[in-house]
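Structure first, then comments.
The values are calculated or read from the model by the stated rules, or taken from the named source; none is laboratory data. The model shown is predicted, which means the values in this text are computed figures rather than measured ones. Cβ coordinates were reconstructed from backbone atoms using ideal geometry, including for glycine residues, and neighbour counts include every protein chain displayed.
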Amino acid sequence: MLIAASGISAQEAPVNSSHLTVNGGRMTATMDIDLNALGLKSNSSALLTPMIIAQSGDSIKFPSIGVYGRKRRIHAERLRETLPATCFNTENHPGNYVFTSTPLEFTPALNGARPALRIDTYGCADCLKSTRLIEGTEWFMPEFDPAGAIVFEVPVEAVEKVRAASGRANVEFPVNRTELLTDFRSNSAELKAITDSIDAVKDDPDITITSIAVKGFASPEGSYANNRRLAEGRTEALRRWVEQRYNFQPGFILTAYEPEDWEGLRAAVEADLTIPYRGGLLEIINDSSLEPDARDRKLRTDYPEAYQRLLQEIYPTLRHTDYRIEYTVRSFTSPEEVFAVIEKNPSKLTASEFFLAAKTLDPEDPRYAEILTMAAYYDPKNEAANLNAASIAIKRGDYAAADSFLKHAGQSPAAVYTRGLLAMALKDYTRAEFFLNKAKEAGYDKAESLLEQIPALKQVN
């Protein structure tokens, strides 16, 4: 049934063109058939059967088309033969007939399928004289590999590597006093938390402490004036203790104080869904028309039972000290240094330093992807680092992570392009065209090649 078996080449076959198309997930076969090329005599006929042949060899046949010579047609009508629904005579056929099949649901089994036309020619005695099978070009689903289109940007080095360590300590003081007693209640552990934070950076040769800030808070019970005295005095006592322990120069530690921590009280009451009269408490706490002393008095008188719970469970947590240690980290200028720091303390590195090490590796080395992703975690505000991490995520097919990184990748042409690339990977071609056209307008040439692929991809999705 092959063309070669009948002695007729593809060029001699009566099919001008044939092709398969897929649109909206449905496959259609189209054939331009030259009926004149059949060369039928008056007493002969031909049965043309359009087909789609899968790579497996399975075929889908469509209704046949009949072409009859004059005498053969008269003979068929006399015998009352059943003729095909589509039927032509040699004397009055249109010359060329364009066949279009019923659309079929496209399935993976049809990937690589080809159109074909089977031609059975019959003689005057209705005997089969020849069979030909004319096959067209195979149709393959367009392939798109997002991993092959990812891009990277070189992060810009920070002018200065400023870092900060922050914490909160509940250093306690005797009632109405400002003397700092290191052995009072849990002060030993709370003070150790502060010194541990300072020691962690002070003893590191790569780090220089630039400032320490301490802010003390008091709870709202009692008079505002006395609470201000307590907050200020207790903050100063803690400052002196830290200065003496580390021999910091006077004035190196910056101080501030909040006489009454109403913000902390609001947050604590909002978070505690079990506290009685919660709505009423919050209404008073948020009433800025009342002075602090009047607010505290109204809480105590309007909701005495709930106020006792505030005193016992919440107010102690509002007597705290927040501290912030700012420091700078030296720059690392060689890949070897960066690799060593990655192993010990990657938080010291900037995105550009991670990139310095990554570019010495083969992009297929797992460490390459790991280091570029680490850059976004340890330098989360760096737009290029987030773009690079998004590209790595696209390459491994983690589109949710890619979308998360791209939210922080800025609006550079490369970032806009990568948003379009991600949309293509997700088969959201409308969104892809939006971003890729924006990137193209910004002069990003890579966007053009992706835009050219979208029409074909739309056909199958």
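Structural remarks
- Extreme residue, nearest to residue 384 (Cα to Cα), among residues of the stretch 412-432 that are surrounded by fewer than 20 Cβ atoms within 10 Å (Cβ to Cβ) and free of Cβ contacts under 8 Å to residues at least 60 places away in the same chain: 413
- The requirement of being without any contact (Cβ under 8 Å) to a residue 40 or more places away in the chain, of a type in the set (Asp, Glu) and under 30 Å from residue 450 (Cα atoms) is satisfied by residue 143.
- Which numbered condition residue 348 fails, given (1) more than 29 Å from residue 146 (Cβ to Cβ); (2) at pLDDT 95 or above; (3) within 28 Å of the chain's Cα centre (by Cα): (2)
- Filter result for residue 432 (farther than 24 Å from residue 460 by Cβ, modelled with pLDDT of 95 or more and either touching a His at 6+ places or on another chain (Cβ under 7 Å) or assigned by TED's automatic domain parsing to the domain that holds residue 455 (or both)): no
- Criterion violated by residue 67 - all others in (1) of a type outside the set (D, E, K, R); (2) more than 30 Å from residue 27 (Cα to Cα); (3) in contact with a His (Cβ under 7 Å, 6 or more places away or on another chain) satisfied: (2)
- Applying the set (1) in contact with a Leu (Cβ under 6 Å, 6 or more places away or on another chain); (2) over 30 Å from residue 205 (Cβ atoms) to residue 424 leaves exactly one unmet item: (1).
- Any hit, the stretch 206-215, residues being closer than 24 Å to residue 312 by Cβ, of a type in the set (D, E, K, R) and in a loop (DSSP other than H, G, I, E, B): no
- Boolean, residue 154 is touching a strand residue (DSSP E or B) at 6+ places or on another chain (Cβ under 7 Å) and either assigned to a loop (DSSP other than H, G, I, E, B) or not basic (Lys, Arg) (or both): no
- Screening the candidates 332, 354 for the property of being at negative phi, in a helix (DSSP H, G or I) and among the aromatic types (Phe, Trp, Tyr) yields one hit, 354.
- Scanning the stretch 179-193 for residues being crowded, with 16+ Cβ neighbours inside 10 Å and touching a helix residue (DSSP H, G or I) at 6+ places or on another chain (Cβ under 7 Å) gives a total of 1.
- Some residue of the stretch 78-99 being touching a residue at least 24 places away in the same chain (Cβ under 8 Å), among the aliphatic types (A, V, I, L, M), assigned by TED's automatic domain parsing to the domain that holds residue 129 and surrounded by fewer than 12 Cβ atoms within 10 Å (Cβ to Cβ): yes
- Qualifying residue in the stretch 126-137 (condition: assigned to a loop (DSSP other than H, G, I, E, B) and within 27 Å of residue 460 (Cα to Cα)): yes
- No other residue among 258, 270 is closer than 16 Å to residue 318 by Cα and surrounded by fewer than 18 Cβ atoms within 10 Å (Cβ to Cβ) apart from 270.
- If you go through the stretch 116-129 and keep only what is in contact with a Phe, Trp or Tyr (Cβ under 9 Å, 6 or more places away or on another chain) and either surrounded by 14 or more Cβ atoms within 10 Å (Cβ to Cβ) or free of Cβ contacts under 8 Å to residues at least 40 places away in the same chain (or both), you end up with 117, 128.
- Residue list for the stretch 438-461, filter: surrounded by 15 or more Cβ atoms within 10 Å (Cβ to Cβ) and over 21 Å from residue 23 (Cα atoms): 438, 439, 440, 444, 446, 447
- Selected residue (only one of 310, 387 is surrounded by 15 or more Cβ atoms within 10 Å (Cβ to Cβ), part of a helix (DSSP H, G or I) and under 27 Å from the mean Cα position of the chain (by Cα)): 387
- Looking only at the stretch 313-329, and only at residues there that are outside any helix (DSSP H, G or I) and among the aromatic types (Phe, Trp, Tyr), the one that is farthest from residue 199 (Cα to Cα): 323
- Test: residue in the stretch 275-285 that is modelled with pLDDT of 90 or more, within 25 Å of residue 174 (Cβ to Cβ), in a helix (DSSP H, G or I) and in the same structural domain as residue 306 (by TED's automatic domain parsing): no
- For the stretch 435-461, a residue qualifies if it is polar (S, T, N, Q), within 18 Å of residue 151 (Cβ to Cβ) and at pLDDT below 95, and the qualifying residues are 449, 453.
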